[in-house]
Amino acid sequence: MSKPLDVRDENAYEDLLGQWSDLESGLGIILSSPASAQQFSHRVLQYDRWMQGLLQRDPDVGLYLLFQLASNSPVGYSASHALVCAVLCHLVATELHLPQKERNSLVHAALTMNIAMTALQDELADQAEKPTPAQQDAIRAHAIKGAMMLANLGVADDDWLDVVSSHHDDAVDKDDMRTAAPSVRLARILKVVDRYAAMISPRKSRSGRSAIESARSVMTRASSSVDAIGQALVRAVGLCPPGTYVRLDNDELGVVVRRSAKSNQPFVVVVGKPGGELENHPRLHSTAEAYPRIRSALPSSAVRAPLNHFYILQLGSHAQAMA
C-alpha cells in the first residue's frame, strides 16, 4: 500500500482538490469542442499524465476526491464519467498487468469514448424522461461516430480507435480473454468499467446504485471472462471504494477513506449517528479490525448533509498506523 498523502493543512487539500477539478474541467472543454482543441490526441495524453501524477500522490485520496466530484460534478456528467472510467481503467490495467501500450490505448479510449455524444450525455443525465427516439438513435451511433471523429482529429492508435468503436458491442464478450486480440480484450474491460461507473453515478431519472450493488452486478455476469474483469476491478478499488458511503452494523453512517488488504473491509470515518444526526466528533474506524462491520453501502444521493472532507481525509491519513 502506498504512503498516504500528508495533507498537513487546508491549503494542501484545496490544491489537490483544485487540481482534480481543473483536470475534469479541462477534459470537459476538449470533449465539448474537440475541433477547437489544437493537437487533440496530444492533449488527451497530457490529461492522462496529469491524472497519473495525481493518483501517484495518493491513490486513496484521489479515489475519494474523484467519487465525491462525480456525485457533485459542476462541469457536466460526461466529463466526470470519462475521468472516473479512465482512473478505474488505469487501476484495472495495473491489477491485470497489462502491457504499457495496451494500458495507454485503454485509458485514452476511456477518456474519449463518448466524444460523439458529450452534450447529449449531459442532457440525459439531467433528464427525468426516457430518451426520445432521436436521442436513442444518437446513442446507438455514438461509438462508431466517436471513432471516426477521433481519427479525423489525428488519433493514429488503432487500438484506441477500435476500443471506442466497440465499447458497447456484445461481440467482444464472445472471445476467450487469453486469446482475444488486444483491442477486443480492452473493449471488454472498458464495457465493464463503463457499466460500473454509470451505475454508481446519480442522474435525474434515477439515483445511483450503491457501490456494493454495482460491484456485484459486474462480477456476476454469465461470461466468466467478464466476471474476471469485475473481480479485478473490485480488487483494484475495493467493494466500497474511497469516497463512497456505508451503513455500519450499529446503524452509524460512515464514509470510506482508505482501502485495506481486504476488499470488503476498508477504513471508514464515522460521520453519522444511528439516529440520523451528524457526528460532532467523526472518528476513524478499521472495519477489518473491529466491530462494527459494514452492513450495506449507500448511494451518494442518500447523503445530503455537507461534510468537512478535509477533516475526514486528515483522519484517514492515520489509517496505516492502525493497519
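For TRP50, TRP20, TRP160, which order do you get if you count the other beta carbons within 10 Å of each Cβ and list the fewest first?
In order of increasing Cβ crowding within 10 Å: TRP50, TRP20, TRP160.
Peptides 28-38, 98-108, 236-246 ranked from most to least packed give 236-246, 98-108, 28-38, packing being the mean of other C-beta atoms within 10 angstrom over each peptide's residues. Taking other C-beta atoms within 10 Å as the exposure proxy, MET113, MET199, MET51, MET148 rank MET148, MET199, MET51, MET113 from fewest upward. Taking other C-beta atoms within 10 angstrom as a stand-in for reagent exposure, ILE144, ILE294 fall in the order ILE144, ILE294, fewest first.
Just so you know, all these numbers are worked out from the coordinates, no wet-lab data involved. Computed from a prediction, not measured in an experiment: that's the story for all the values here. Glycine also receives a Cβ, built like all others from the backbone with ideal geometry; neighbour counts cover every protein chain displayed.
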